[in-house]
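Since the structure comes first, as C-alpha cells, the remarks are kept for the end.
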Amino acid sequence: MITARAPKQHLQAQLRYLTSSCEAYDKGDKEEAIRIAGVLRTMFHDRGTNISVLTHVMNETKSSVRVLSSIRPLGPEVIQGGGLSWTVYTGGLGVEPTAISEPLFLNDFRKVRRWLMVGDWWNEEIYRTFGQPGTSVTRAELCKIAADKDGAAHVDSKLPEKYLRLHKPQMGMVINGVNIGFPQTNQHFADLRQLGFEVLSSRDILDLAG
C-alpha cells in the first residue's frame, strides 16, 4: 500500500536534493544550478492552493523560520547593485579577457549575514540595474523563471528579458579610453548556487527537517 509522505519527510528529501545539486555544481557541473532552482521553488513557493513544502511543515509544527540573506538590502537610495555572485576577471597581454561568475560564499571579503523571515527572504530584491527597466529581480522570480521556463520543470522558447540579462550580462571596463568587453555567461548559475548556500546555512530549516 502506498501512503503519502509526511511534510517533514518531503522537506528532508528536498534538502537532500539541494545538497546533491550543490555538490555537483562545486565539482564543475554548473547546470545543476537549474535543479537548485527547482528544489527551492518546491520548498518556498506558495501560490493559491499550491502550498510549498516549507509552509506545510511550518503549519504542522507551528514553527517560524528565519533564512540567511547574504546580501545587503537594496534601499531606495540604491540605483544599481545587489547580486548573489561576484566576478573574476582573467586574461592579459595576448590573452582574450573573460569574466567568470562565482557565488558570494567563495569570497571572504563580501560576507553578509542577515536573518529574514521566510516570505521576506523569498521576495527580497536581489538585483537592480540602473537604466534597464524591468531588471529588478527577487529570489522568487529567479527561481520560478529557471524552474518554469529554463528546464527544471518546463522549457520555454522565449525567456524573460530580465533573466537573459543575468544569463549573459554586459561586463567590461575602460582602459586608456577604450571600452573593453568581457565575455561572460551564466551569472544566474552562480546566483542560484549562492541561494543553495543560504538555505543550507539556515539552522532553522535544518532543525525543522530534523
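The values are calculated or read from the model by the stated rules, or taken from the named source; none is laboratory data. Predicted model, so just to flag it, every value in this text is computed and none were measured. Glycine gets a Cβ as well: all are built from the backbone with ideal geometry, and neighbour counts include every protein chain shown. For accessibility, only protein heavy atoms count, side chains too; no ligands or nucleic acids. Shrake-Rupley method; radii C 1.70, N 1.55, O 1.52, S 1.80 Å.
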Subset of the stretch 39-54 [touching a residue at least 60 places away in the same chain (Cβ under 8 Å) and open to solvent by 20 Å² or more (accessible area, probe 1.4 Å)]: Arg41, His45
Do any helices (runs of 4 or more DSSP H) lying entirely in the stretch 1-93 carry at least 3 residues that are of a type in the set (D, E, K, R) and closer than 19 Å to Glu198 by Cα, and which ones are they? 7-26, 32-44
Identify, from the list Ile79, Ile71, Ile34, the residue that is open to solvent by 30 Å² or more (accessible area, probe 1.4 Å) and of a type in the set (A, V, I, L, M). Ile79
Is it the case that Asn59 is within 17 Å of Asp204 (Cβ to Cβ), open to solvent by 90 Å² or more (accessible area, probe 1.4 Å) and either modelled with pLDDT of 95 or more or of a type outside the set (Lys, Arg) (or both)? yes
Among the residues of the stretch 94-126, how many are modelled with pLDDT under 85 and open to solvent by less than 50 Å² (accessible area, probe 1.4 Å)? 5
